[in-house]
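Accompanying notes for the structure given below.
What follows is calculated from the coordinates using simple rules that are stated; it is not laboratory data. Remember, it's a predicted structure, so these values are computed and weren't measured experimentally. Neighbour counts run over all protein chains shown; Cβ positions are idealised from the backbone, glycine included.
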Amino acid sequence: MSPGGVLDVGQQALATEAAADPRREAARREEQALLVRLRRGDPEAFESLVREHQDRLYDFCFRMVGDREEAHDLVQEIFVSVHQNVRRFREDARLSTWLFRISKNHCLNRLKYLQRRGRGRSDVYDETSAAAIAEGGGAPPQPDAALDAARERARVQRAISQLDPDARMLVALRDIEGLSYDEIVDITELPEGTVKSRLHRAREKLADLLGRFEP
């Protein structure tokens, strides 16, 4: 690449960053305004928060516990905790990151409780479970294609459920929710190097499990 080409690429990167900054600043101001309303006890602000985040938190909880009813209960408990503790939020991370941090703690505690009761892992994923996992993905074009997709989602979830809770959490946060390493560090309160090394091992284990389970 010519020096001019390098300069062009650099200028494009700077232009992209400059364009992104106003959006990030606008998002930050919007979050600040929402926090002010939440701390005042504004019910409409809380409803807005729930609408915006409940689906992602539900998906994360389901990946963690492997049970839809448990995930539904967890999401309700999480928002109760948010409502009770929002005034103590130190703003040391984004609001969405704080929500995932609370969700992580609730999920890990629930997994410990389920394991004590002998329900720590979901080992059976039949066609009914597969169909349930496919719900909410939009209207499928063909029933056969929908069932195949549902079975594949069930296979992935079955493999995830065989990971230990910490590995499950990292795979869910990074590979399913698509969070950045910085966000995961804030959520898990682990060093970035530890997050990356544990995630690498979790991915290797997950790949091995997927290879064992029949597609």
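Annotations
- Fewest-first ordering of 113, 58 by other beta carbons within 10 Å of each residue's beta carbon gives 113, 58.
- Here 176, 160, 102 are placed in order of increasing Cβ neighbour count within 10 Å, fewest first, which gives 176, 102, 160.
- Loop-located GluC sites (Glu not before Pro) in the stretch 69-100 (DSSP state not H, G, I, E or B) with no more than 16 neighbouring Cβ atoms inside 10 Å: 91.
- Of all lysines in the structure, those lying under 22 Å Cα to Cα from residue 196, and not within fewer than 8 positions of it along the same chain, are 104, 205.
- The loop-placed GluC sites (Glu not before Pro) in the stretch 145-215, going by DSSP, that have at most 12 neighbouring Cβ atoms within 10 Å of their Cβ come out as 189.
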